[in-house]
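Colleague: Have a look at this one before I ask anything.
The values are calculated or read from the model by the stated rules, or taken from the named source; none is laboratory data. If you're wondering where the values come from, they're calculated on a predicted model, not measured in any experiment. Glycine also receives a Cβ, built like all others from the backbone with ideal geometry; neighbour counts cover every protein chain displayed.
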Amino acid sequence: MMSNIFETPQAQKQLAAVGRKMQDYSEDFGKIHGLKQLKDPGLRVLNELSHVGGMLIRYGTTFGTKLKDFNEHDMQLIAMFMQGQITADYLKEQR
């Protein structure tokens, strides 16, 4: 079977799935844990999860995000999220 040139590559689909999970975690955090206990640095991490997650969703698309658009902090945030290091306790401890 020939692959369609318009089909999204599997790796790109996986990155988009991670991006959606990052955005969902950020959006749902307040509903699940509340935001009252977070200081500005913890809220900043949630905002970064939304932003970088959106970048991952658009990665590789026409006029979308390119590898050069991610800085070292973005890459570290993605790695921490994928390793399960960004938790409610982690966000509460941010100073």
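Colleague: Take the residues of region 6-45 that are within 15 Å of MET82 (Cβ to Cβ) and small (Gly, Ala, Ser): which is farthest from the chain's Cα centre (by Cα)?
Modeller: Filtering region 6-45 for residues that are within 15 Å of MET82 (Cβ to Cβ) and small (Gly, Ala, Ser), the one farthest from the chain's Cα centre (by Cα) comes out as ALA11.
Colleague: Same structure, new question: Which members of region 19-53 meet the condition of being surrounded by fewer than 18 Cβ atoms within 10 Å (Cβ to Cβ) and of a type in the set (Val, Ile, Thr)?
Modeller: ILE32
Colleague: Here is a follow-up. I'd like to verify a number: residues in region 1-48 that are in a helix (DSSP H, G or I), farther than 26 Å from LYS92 by Cβ and among the hydrophobic types (A, V, I, L, M, F, W, C), how many?
Modeller: Within region 1-48, the first condition is being in a helix (DSSP H, G or I), and the residues that meet it are 10-33, 40-48.
Restricting the remaining residues to those that are farther than 26 Å from LYS92 by Cβ gives 10-17.
Filter once more, so that each one left must be among the hydrophobic types (A, V, I, L, M, F, W, C): 11, 15-17.
So the count comes out to 4.
Colleague: Take the residues in region 49-84 that are in a loop (DSSP other than H, G, I, E, B) and within 13 Å of the chain's Cα centre (by Cα); name whichever of them is nearest to LEU38 (Cα to Cα).
Modeller: Initial filter on region 49-84 (in a loop (DSSP other than H, G, I, E, B)): 58, 60-64, 66, 70-71, 83-84.
Checking the rest, the ones that are also within 13 Å of the chain's Cα centre (by Cα) come to 58, 70, 83-84.
On the way: ARG58: 29, PHE70: 26, GLN83: 22, GLY84: 19 Å.
By that ranking, first place goes to GLY84.
Colleague: Here is a list of conditions, (1) modelled with pLDDT under 95; (2) in a helix (DSSP H, G or I), and TYR90 meets all of them except one; can you say which number that is?
Modeller: Failing condition for TYR90: (1).
Colleague: So, LEU49, is that one touching a Phe, Trp or Tyr at 6+ places or on another chain (Cβ under 7 Å) and either among the charged types (D, E, K, R) or closer than 20 Å to GLN83 by Cα (or both) or not? Reasoning before the result, please.
Modeller: On the way: touching a Phe, Trp or Tyr at 6+ places or on another chain (Cβ under 7 Å): yes; either among the charged types (D, E, K, R) or closer than 20 Å to GLN83 by Cα (or both): yes.
Here the answer is yes, as LEU49 does meet what is asked.
Colleague: Would you check which residues across region 75-89 are touching a residue at least 24 places away in the same chain (Cβ under 8 Å) and either surrounded by fewer than 16 Cβ atoms within 10 Å (Cβ to Cβ) or out of contact with any Lys or Arg (no Cβ under 8 Å at 6 or more places or on another chain) (or both) and list them?
Modeller: Within region 75-89, the subset touching a residue at least 24 places away in the same chain (Cβ under 8 Å) is 77-78, 81-82, 86, 88.
Selection gives LEU77, ILE78, MET82, ILE86, ALA88.
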